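Notes follow once the structure below has been shown.
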Ligand code: IPM
Ligand code: MG
């Protein structure tokens, strides 16, 4: 058997540990079925890490991540840590730092609305009938999240807050290339979302996308303003296949797309860098939803986003597309058989627990 693949397991806070347990069990099943071996390395992150070590991203955790082939991430944050100084809060001090540290500039968020789950979508049935799958590619290490200065200060007798939006041509070029390459493996249609009628950043974004697009004449490129995009997604979700956009727009639009599919509990994500370890691409895999403090500890969270994040890890970091598809098919089969957690249950179906959902998906592997 080949060398074990090292996976840093950062469960974090809220529902993180509950859904992570299911994803890890699924991966263990895959390893048995497809004859590979995984070396799981659990590490503290987020609020629980602050409680135990004083830091949201302890150096020991960062070291474990650096020595691993991929990071499987749960979620971080919660009311308990909301009053810390912002730079020390779990989201910024752990998650954003990990993204920047590993140069994870490309965030892939597939919003899958399965035909069986059309009833869970808040949209009118005729708009989503038959289901859809839209992949949102979000630039993850630039823009307003990281631009400097980022500060709140007193000026002329009042408080002013400053965030800075910065994109370099090279940052746009690398995400554009990735988007066009992914378009080639799909419908060869790419929609770039910006705010070119107002932002300098977006003028550069649009110009770079057009230029890079010349090298991919087989891919149809369209541009949408972000406000219009937000509207079109609701009006005609099935007319979209692949979207690429900057960091903050991608944050907002990916939540919208997730909700169109019925629940944010279904949306996985892969955050990829260009760092290739051996022939693998390093990445961080996490559900797009948060810690869901309101349901944490109740055992009712939907583990599917975490499980599908694990399958994205198999595909993108380990090149194991057979195992990855096996997991995706198992999720579809469990849904097809009618198993639903609370977030996706319709009024007349019985909701099952996180554990039961996990074991139904394992049974379908
Ligand atoms: C996401 C989250 C994060 C983000 C938060 C937790 C910092 O909303 O991954 O979409 O804004 O990127
Ligand atoms: Mg978000």
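A short reminder: the numbers here are calculations on the coordinates, not readings from a lab. What you see is a predicted model, and the numbers here were worked out from it, not measured in a lab. FYI the Cβ positions are ideal-geometry reconstructions off the backbone, even for glycines, and counts take in every protein chain you see.
Comparing 220, 326, 97, which has the greatest mean-square fluctuation in the GNM of the chain with Cα pairs linked when under 10 Å apart?
Looking only at 220, 326, 97, the biggest GNM fluctuation is shown by 220.
Mind checking the full-extension length gain between residue 363 and residue 346? Use 0.36 nm per residue of separation minus the Cα-Cα distance, one decimal, nm.
3.8 nm
Where both residues lie in the chain, what percent of DSSP beta bridges are antiparallel, nearest 5?
Once the DSSP bridges in the chain are tallied, antiparallel ones form about 45 percent.
Quick one: what Rg and Dmax do you get for the range 1-93 from the alpha carbons, in Å?
In order Rg, Dmax, the Cα atoms of the range 1-93 give 14.6, 49 Å.
For the chain, what is the mean residue ellipticity at 222 nm derived from helices alone (per DSSP H run of n ≥ 4: -39500 (n - 2.57); sum divided by total residues; nearest 500 deg cm²/dmol)?
The per-residue figure over the chain is -11500 deg cm²/dmol.
Kindly work out what percent of the DSSP beta bridges joining two residues of the range 122-260 are antiparallel, to the nearest 5.
30
Where the centre of each part is set by its Cα atoms, how far does the range 270-321 sit from the range 144-182, in angstrom?
25
For a quick check, take a GNM of the chain with Cα springs below 10 Å and name the residue from 206, 184, 281 with the largest mean-square fluctuation.
Most flexible of the set in this elastic network: 184.
Roughly what would the spin-label model give for residue 144 and residue 189, points 7 Å off Cα along C-beta, in nm?
2.9
Just 312, 259, 165 to compare: in a GNM of the chain, with alpha carbon springs under 10 Å, which one fluctuates most?
Greatest mean-square fluctuation among the candidates belongs to 165.
So for 81, 205, fewest C-beta neighbours within 10 Å to most, what's the order?
With the sparsest Cβ surroundings first, the list reads 81, 205.
In Å, what Kirkwood hydrodynamic radius results for the range 247-356 from the alpha-carbon pair distances?
Across the range 247-356, the inverse of the average 1/r is 15.1 Å.
Return the distance in nm (one decimal) between the two label points of a simple spin-label model at residue 59 and residue 116, each offset 7 Å from Cα along Cα→Cβ.
With each label placed 7 Å out from Cα toward Cβ, I get 4.9 nm.
Relative contact order for the chain using alpha-carbon pairs under 8 Å, separation at least 6, rounded to a whole percent?
Once divided by the residue count of the chain, the mean separation gives 21 percent.
For the range 212-268 and the range 28-48, write down the distance between their C-alpha centroids in whole Å.
31
What list do you get for 251, 294, 194 if you sort them by fewest beta carbons within 10 Å?
Sorted ascending by nearby Cβ count, the order is 294, 251, 194.
Under the rule a/c < 1.5 gives rounded, and otherwise a/b versus b/c splits prolate from oblate, where does the range 101-161 land using the Cα gyration tensor?
It is oblate, given that a/c is not under 1.5 and a/b is not larger than b/c.
Given C-alpha coordinates of the range 154-220, what is the ratio Rg to Rh with the Kirkwood estimate of Rh?
1.20
How big is the convex hull of the Cα atoms of the range 122-260, per residue, in Å³?
Convex hull of Cα atoms, per residue: 120 Å³.
Among rounded, prolate and oblate, which fits the range 53-149 when a ≥ b ≥ c are the square roots of the eigenvalues of its C-alpha gyration tensor, a/c under 1.5 means rounded, and a/b larger than b/c means prolate?
It comes out prolate by the Cα gyration axes.
Where Rh denotes the Kirkwood radius from the mean inverse Cα pair distance, what is Rg over Rh for the chain?
0.96
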